[in-house]
Amino acid sequence: MTATLDSPAVSTKHRRSTVVRQNLTGWAFVAPFGIIFLALLVLPIGYALYLSLFQKSLIGGTRFVLFGNYVKAFSDPSFLDGVWFVVRFSIVLIPLQMAVSLAIALILDIVVTRFARFSRLMIFMPYAIPTVIGALMWGFLYSDNFGPLAEIFESFGRQAPDFLSSSLIFYGLLNIVTWQWAGYYMIILYAALQGIDPTLYEAARIDGASQWQIILRIKIPLVTPALVLILVFALIGTLQFFNEPKILQDLAAGAIPNDFTPNMYAYQQAFSLANYNYGATISFALGAVVFVCVYIFLFATRKRGGFFS
Amino acid sequence: MSVTPVEVTGTRTPPRRVIERRRTPRERGRIPLSIVLALLMIYFLVPFWWLIVNSSKTAAGLFGGGSSLWFADDINYLGNLVDLFTYGGGIYGRWLANSALYAIVGGVGATVLAVLAGYGFAKYRFAGRNLSFAILLGSVMVPTTALAIPTFVLFAQLGLTNTIWAVIFPSLLNPFGVYLMNVYARDAVPDELLDAARVDGAGEFRSFFVVALPLLRPAIVTVLLLSVVASWNNYFLPLVMLSDNRLFPVTVGIGLWQSTASTYGAAGGQSLWSIIVLGSLVSVIPLIIAFLTLQKYWRGGLAIGSLK
């Protein structure tokens, strides 16, 4: 794996200088990123932790409260409701997204026509769209004023469902996020499927396996590492949900409050109310929750291979 | 999964597979599956279609009773384009330029750092390597938005908020890019080749530039594309960092217009809506072009992470 110059002929002295050189060169390559990493990841995390230990009030000034902010956050209905929302949202969204992207990837792995190649590219396209623009586009499609939904339902004599109302916003957002990311996940899965040795299928066919059995017994097990990767990405992304609800907030009058997701709540605390300490507390708590969730998940699935093996 | 990234990124097997498939009698399901694909494609393309159709409409046409999925009688692309690029003293053009600046400087910078670090981790055993790599892997799981508020407060103390650096510096951080480069470099750059270069008297950095870099090209393009897209699409960070609207990238700019138009309601914001629709369309064109032209690189490259 690593370059080694060791051979019986090489003297110990030479070998020691090789080790030193390996050390120095290795660090020289890693150091530029390391500096950015310390300055823009380690330092802000440490600072968030520090900020979260203080409380600022008009009368008392800034004072040290240890875990006071965390006690406050975990008994703050605004924060807890937001957490509950993203948890519920993840539970529905992630399996849905994985199922959709896996189904498309499996179809594309079977159908190898020019049309299939073209549709693969078109299905991927939403990934290239900024989430802000994606949310805006769907906001238009949902809306009474500009959207086709109202027209389509009217022609059947029905009233269109309002995906911007508080009862349906959950599904409205579900659709937007699935639309945006399914194509990207599909490409990852498709590439993994293409990496499977086709002779495995031949062997299975000779043994009398049907197309379904090949999918269930060969294809899906072999793309498990890619599924794990997608799940991790989706989990990290969903728990810090912000852009889409923030953009739809103005269009969906009243359905998306400022504390809709924990991230929106942290943003509101920090930038509307200038309460950086509490904002940092929520950010840090959220980051820690995401980290722990993903870590537990990866630990639980480590035997299945993937990312960290 | 013993597939090396080289196989994935290089010319894939399609020709062989196509021939193979023509011979097999297992293609009966192909037509129904193609119909499913067609339906899926409609779903994924409808928002784009809506955008293309409606950016041709005048403000009145947008709200007038016509179908929202078909063109109005008067096609007004040109008028809307003029409106878009002249509104507010031509601020939209500036937003586009800002987005390009942030995406290119941030994306290229992130890629350079990721290539160096990924190669360093892959090809050298150095003290602290395993620990630093474990920390790096852990950091892939840290949600970036959790960093935005503390980074903002830090930058505020350094007087960096509301400058272009407040957006560019944080986009240099791409731990996943380092991970991808590392996985790719481990297989794509054989140690024997590096040893040969050393025997020939090349220094470590010379071997990196002359021997390793050309071999890493597919992964470099992928990491570059992913970093550029991440910076171009970034919304939360510039929203937090910038208050001067002349520094906004196009995502934050359109978000601002949208919220202004919503506040004034359909009546007051009518003229704004038509440029928001066209502005959204214009802002997605550069990335679509980038993806279409570079697709042979990123398609294989995206597989790197999933095949490990």
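The values are calculated or read from the model by the stated rules, or taken from the named source; none is laboratory data. Since the structure is predicted, the reported quantities are computational estimates derived from the model, not experimental observations. Note: ideal-geometry Cβ built from the backbone for every residue, glycine included; neighbour counts use all protein chains shown. All accessible areas refer to the heavy atoms of the entire protein, side chains included, with ligands and DNA or RNA removed. Shrake-Rupley method; radii C 1.70, N 1.55, O 1.52, S 1.80 Å.
Restricting the calculation to Cα atoms, the range B:124-170 shows an Rg/Rh of 1.16 when the hydrodynamic-style radius is the Kirkwood one. Over the C-alpha trace of chain A, radius of gyration and Dmax come out as 25.4, 89 angstrom. Here the range B:191-209 is scanned for amide nitrogen atoms under 14 Å from the site 7 Å beyond the Cα of residue A:31 along Cα-to-Cβ, giving B:205.
Charging the Cβ of each Asp and Glu at -1 and of each Lys and Arg at +1, and nothing else, the dipole of the protein assembly as shown about its Cα centre rounds to 1940 debye. Percent of C-alpha pairs per 10 Å bin in the protein assembly as shown, short distances first: 3, 15, 24, 25, 19, 10, 3, 1, 0. Just checking the listed ones, A:223, A:86, A:111: in the Gaussian network model of chain A with Cα springs under 10 Å, the one fluctuating most is A:111. Put simply, the convex hull of the Cα atoms in the range A:170-296 casts, on average, a shadow of 10.1 nm². Solvent exposure of chain A amounts to 44 Å² per residue of accessible area, where only protein heavy atoms count and the probe is 1.4 Å.
Distance between the 7 Å Cα→Cβ label points at residue A:24 and residue A:115: 6.4 nm. Computed over Cα pairs, the Kirkwood radius of the range B:208-287 leads via Stokes-Einstein (1.306 mPa s, 10 °C) to a diffusion coefficient of 105 µm² per second.
Each label point was placed 7 Å from the Cα along the Cα-to-Cβ direction; for residue B:130 and residue A:205 their separation is 4.6 nm.
Hey, any idea what the orientation-averaged projected area of the convex hull of the range A:102-166's Cα atoms comes to, in nm²? Please list the in-between numbers first.
On the way: hull surface 26.8 nm².
Result: 6.7 nm².
Buried between A and B is an accessible area of approximately 10600 Å², summed over both sides with a 1.4 Å probe. Each peptide in B:192-200, B:135-143 receives the mean, over its residues, of other Cβ atoms within 10 Å, and ordering these scores from highest gives B:135-143, B:192-200. Note on B:228-234: average number of Cβ atoms from other chains within 10 Å of each residue's Cβ is 3.
Calculated from the alpha-carbon coordinates, the range A:226-301 shows an Rg and a Dmax of 14.5, 42 Å respectively.
Sorting B:101-112, B:246-257 by their mean Cβ neighbour count within 10 Å, with the most densely packed peptide first, gives B:246-257, B:101-112.
Here the accessible area of the range A:137-290 is 58 percent carbon and sulfur, with a 1.4 angstrom probe and all protein chains present.
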